[in-house]
Amino acid sequence: MDSLITAAARALAAGDPLAALNQVALRDDAAALAMRGIALAQLGDLTRAGALLKDAARAFGKKEALARARCIVAQAEVALASRDLGWSEQPLELARSTLEKHGERINAAHARHIRIRRQLLLGRLDDAELGLSGIDASFYPPPLQAAHELVIAGIALRRLRTRRARRRHAKAAFQL
């Protein structure tokens, strides 16, 4: 990564999307498109963010499978946030597999949770529960642990298991 991309990534991680945009605004390479897409997502412009992330994934191509996989996960997250649920889970699953093969367990887990959250929103509770089975969330960072607990709480609520939902919601709040 070059210094401008690194600076943009640091700004995004620190929650400063405007500083990130300042670093990559005039560039149109794949990494810059991805950074701009993430920055716009943080600013709430989900439509433009999704389009930029799609362009970035296409620009990375097959030679840069890891970067492409990260873009696909970010694109799926933007689609989920904008409640666009009409996308196929297959590219997300392939991205998750690529991330796992490259040792990016946290990003792979995030991809898995995006898929499970989509299933939950679609009312596919059995699929969502099956997706959660066997997941060891103990190695997740606190925000992903909280997301994990919220998915479990969401399933419990939809199954009218209110005590379990309340416990999981409280556990999620503790993670944050």
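Rule-based calculations on the coordinates, nothing more; no lab input. A quick note: this is a predicted structure, and the numbers were derived from the prediction, not measured. So basically every Cβ, Gly included, is an ideal-geometry build from the backbone, and we count neighbours across all protein chains shown.
What is the angle, in °, between the Cα long axis of helix 30-43 and the longest principal axis of the Cα atoms in the chain? Nearest 10 is fine, range 0 to 90. Between helix and principal axis, roughly 50 degrees. Only one residue of I152, A170, I135 has its Cα farthest out toward the positive end of the dipole of segment 84-174, where Lys and Arg carry +1 and Asp and Glu -1 on Cβ, and that residue is A170.
On a 0 to 90° scale, report how tilted helix 142-158 is relative to the longest principal axis of the chain, with both axes built from alpha carbons and the result rounded to the nearest 10. In the chain, helix 142-158 runs at an angle near 40 degrees to the longest axis.
How big is the Cα convex hull of segment 61-133 in projection, averaged over all directions, in nm²?
That works out to 4.7 nm².
Sparse packing (at most 15 other Cβ atoms within 10 Å of the Cβ) combined with a DSSP loop state is found for the following trypsin sites (Lys or Arg not before Pro) in segment 1-100: R83. Normalising by residue count, the chain has a Cα convex hull of 119 Å³ per residue. All C-alpha pair distances within segment 1-53, sorted into 5 Å bins from zero, spread as 5, 28, 35, 25, 7, 1 percent across the bins. Between the helical axis of 105-121 and the longest alpha-carbon principal axis of the chain there is an angle of about 60 degrees.
From the helices alone, meaning DSSP H stretches of at least four residues, give me the mean residue ellipticity at 222 nm for the chain, per-run term -39500 (n - 2.57), in deg cm²/dmol to the nearest 500.
-24000 deg cm²/dmol
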